[in-house]
Amino acid sequence: FHGIISREQADEILAGIEGAYILRESQRQPGCYTLALRFGNQTLNYRLFYDGKHFVGEKRFESIHDLVTDGLITLYIETKASEYISKMTTNPIYEHIGYATLLREKVSRRLSRTKNESRKASVTSEENTQVEKITSLVRRAALTQNDNHFNYEKAHNFKVHTFRGPHWCEYCANFMWGLIAQGVRCSDCGLNVHKQCSKYVPNDCQPDLKRIKRVYCCDLTTLVKAHNTQRPMVVDSCIREIEARGLKSEGLYRVSGFTEHIEDVKMAFDRDGDKADISANIYPDINIIAGALKLYFRDLPIPVITYDTYSKFIEAAKISNPDERLEAIHEVLMLLPAAHYETLRYLMIHLKKVTLHEKENFMNAENLGIVFGPTLMRPPEDSTLATLNDMRYQKLIVQILIENEDVLF
């Protein structure tokens with residue numbers, strides 16, 4: 001640190017020493033600090049910040065030395081290989097996976113042998129050992145070729161990642177440079193790519209079940225793709241149990257089960273997945289299972305009726321002409337992601353069955369709309385006023401979906 005000195009003085013100190021750096025306090029803005037770095041026979045000046053870590057851009061470092069090291073690597077790459085970098089994404093290996101084609105085909109053949117025996121995109125323990133040895137990209141390609149009915153489109157969930165040791169991008173097959181935060185990793189499937197390459201990766205994420213730590217609070221599409229099921233298994237299991245022994249239960253879905261027992265069911269699904277035991281032997285009160293199903297929908301990070309379609313559903317509900325309203329609702333349903341649409345369709349078929357036992361359970365479509373309206377749809381912004389204003393329309397939407405499930409779906 002050289003105190004308050006000018007750019008010219010910093011340039012004199014660093015002259016002729018490539019890669020050298022000093023810190024100085026700005027003459028123009030006292031209290032602000034500048035990193036002066038010698039590179040390419042010139043002195044580069046960067047405004048320096050600190051919030052517990054040092055940074056000049058989006059990357060944060062424990063020490064100035066690490067910041068400079070990473071900066072020199074980046075400057076060198078961008079200076080010496082700028083044309084190469086600009087062409088990295090023009091001829092990606094992502095689709096044909098040239099460097100691993102033979103291995104991919106081998107895994108694909110092994111997986112295809114199992115597809116007639118099971119609809120799940122899983123492999124035996126022997127195959128798992130083999131798959132673990134290859135990249136997530138090859139696994140993605142192999143699973144994509146394993147034909148199934150539930151191959152919903154899903155965007156990758158990329159997060160900035162620091163790789164230990166040399167790493168190569170699985171989109172363009174080029175080196176991922178830098179000291180830290182060299183690229184991004186999909187937290188659902190493990191795909192590793194350059195940040196710039198992530199913009200070109202298609203929405204074909206195949207979540208790895210080992211990366212999905214829970215059932216509740218997990219994105220709906222991520223969950224069904226990880227388990228390779230048509231709908232979330234918690235929805236299937238709860239509805240199956242309710243239809244087996246609870247359709248005539250008075251106040252079904254309106255009467256609450258004990259909160260601690262509902263939490264037990266939630267933990268069972270998070271721990272055991274589709275092996276969770278929710279039978280009458282363990283939970284004789286069917287309201288506990290109904291409560292667990294409602295809790296699953298409430299805990300979704302993106303509701304079944306998504307934030308993107310929320311306002312369109314509300315506007316459709318405001319249409320006074322019944323036929324036009326039904327048509328508008330049908331059009332908005334088509335905008336839902338495939339996994340959300342299928343889950344909603346299955347739930348509405350179930351709730352229609354519930355209304356057929358109204359004499360015993362006292363739950364008609366309107367009552368169920370009151371219960372499930374705010375459970376299935378929430379406004380994008382966390383506004384109490386918007387929620388209160390929209391409650392009657394939320395109820396109406398669900399009521400219409402139940403009453404017209406055979407037409408709308």
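The values are calculated or read from the model by the stated rules, or taken from the named source; none is laboratory data. The structure presented is a predicted model; accordingly, all values stated were derived computationally and were not measured. FYI the Cβ positions are ideal-geometry reconstructions off the backbone, even for glycines, and counts take in every protein chain you see. Accessible surface is based on the protein model in full, side chains and every heavy atom, while ligands, DNA and RNA are left aside. Shrake-Rupley method; radii C 1.70, N 1.55, O 1.52, S 1.80 Å.
Check whether at least one residue in the range 12-24 is over 24 Å from I73 (Cβ atoms) and assigned by the TED database to the domain that holds I64, and report yes or no. Quick ask: steps written out before the conclusion?
Start the filter on the range 12-24 by keeping residues that are over 24 Å from I73 (Cβ atoms), which leaves 12.
Applying the additional criterion that residues be assigned by the TED database to the domain that holds I64 yields 12.
Yes.
Among residues of the range 220-230 being in a loop (DSSP other than H, G, I, E, B) and either more than 16 Å from the chain's Cα centre (by Cα) or modelled with pLDDT of 95 or more (or both), the one that is nearest to A338 (Cα to Cα) is Q230.
Before we move on, is E250 in the same structural domain as K225 (by the TED database), under 24 Å from G373 (Cα atoms) and surrounded by fewer than 18 Cβ atoms within 10 Å (Cβ to Cβ)?
On the way: in the same structural domain as K225 (by the TED database): yes; under 24 Å from G373 (Cα atoms): yes; surrounded by fewer than 18 Cβ atoms within 10 Å (Cβ to Cβ): yes.
When the stated conditions are applied, E250 passes them.
Taking the condition of being in contact with a Cys (Cβ under 9 Å, 6 or more places away or on another chain) and either farther than 13 Å from A290 by Cβ or without any contact (Cβ under 8 Å) to a residue 24 or more places away in the chain (or both), how many residues in the range 222-265 meet it? Going through the range 222-265 one residue at a time, the tally reaches 4. The residues of the range 80-95 that are surrounded by 15 or more Cβ atoms within 10 Å (Cβ to Cβ) and among the small types (G, A, S) amount to a single one, A81.
What single numbered condition from (1) in contact (Cβ under 8 Å) with a residue 12 or more places away in the chain; (2) within 23 Å of L252 (Cα to Cα) fails to hold for K359? With respect to (1) in contact (Cβ under 8 Å) with a residue 12 or more places away in the chain; (2) within 23 Å of L252 (Cα to Cα), K359 is out only on (1).
Which one of these is open to solvent by 30 Å² or more (accessible area, probe 1.4 Å) and assigned by the TED database to the domain that holds A280: S237, S256? Spell out how you get there, then give the answer.
Values: S237 fails: open to solvent by 30 Å² or more (accessible area, probe 1.4 Å).
Step by step, each of S237, S256 is checked, and only S256 is open to solvent by 30 Å² or more (accessible area, probe 1.4 Å) and assigned by the TED database to the domain that holds A280.
Scanning the range 299-310 turns up one or more residues that are assigned by the TED database to the domain that holds M233, without any contact (Cβ under 8 Å) to a residue 60 or more places away in the chain and surrounded by 15 or more Cβ atoms within 10 Å (Cβ to Cβ). I'd like the residue in the range 206-219 that is surrounded by 23 or more Cβ atoms within 10 Å (Cβ to Cβ) and either at pLDDT 90 or above or in contact with an Asp or Glu (Cβ under 6 Å, 6 or more places away or on another chain) (or both) and, out of all such residues, is farthest from T162 (Cα to Cα). The qualifying residue farthest from T162 (Cα to Cα) is V215. In this structure, is I400 more than 25 Å from A155 (Cβ to Cβ), in contact (Cβ under 8 Å) with a residue 24 or more places away in the chain and assigned by the TED database to the domain that holds I262? Judged against the criteria, I400 is a match. Considering the range 397-409, and only residues there that are in a helix (DSSP H, G or I) and of a type outside the set (A, V, I, L, M, F, W, C), the residue that is surrounded by the fewest Cβ atoms within 10 Å (Cβ to Cβ) turns out to be D406. Of the residues A268, A244, the single one that is in the same structural domain as M348 (by the TED database) and buried (at least 19 other Cβ atoms within 10 Å of the Cβ) is A268.
Here A339 fits the description: under 21 Å from N404 (Cα atoms) and among the aliphatic types (A, V, I, L, M).
Going by what's in this entry, would I289 be described as aliphatic (A, V, I, L, M), open to solvent by less than 30 Å² (accessible area, probe 1.4 Å) and either without any contact (Cβ under 8 Å) to a residue 60 or more places away in the chain or under 30 Å from V332 (Cα atoms) (or both)? Taking the combined requirement at face value, the residue satisfies it. Looking across I64, I73, I4, I13, one residue alone is out of contact with any Lys or Arg (no Cβ under 8 Å at 6 or more places or on another chain), open to solvent by 30 Å² or more (accessible area, probe 1.4 Å) and in contact (Cβ under 8 Å) with a residue 24 or more places away in the chain. It is I73. Is the range 325-339 home to any residue that is open to solvent by 40 Å² or more (accessible area, probe 1.4 Å), of a type outside the set (A, V, I, L, M), within 20 Å of C218 (Cβ to Cβ) and in contact (Cβ under 8 Å) with a residue 24 or more places away in the chain? Yes, because at least one residue in the range 325-339 is open to solvent by 40 Å² or more (accessible area, probe 1.4 Å), of a type outside the set (A, V, I, L, M), within 20 Å of C218 (Cβ to Cβ) and in contact (Cβ under 8 Å) with a residue 24 or more places away in the chain. In the range 16-53, the qualifying residues are those that are at positive phi and over 39 Å from the mean Cα position of the chain (by Cα), and the one that is least open to solvent (accessible area, probe 1.4 Å) is G19.
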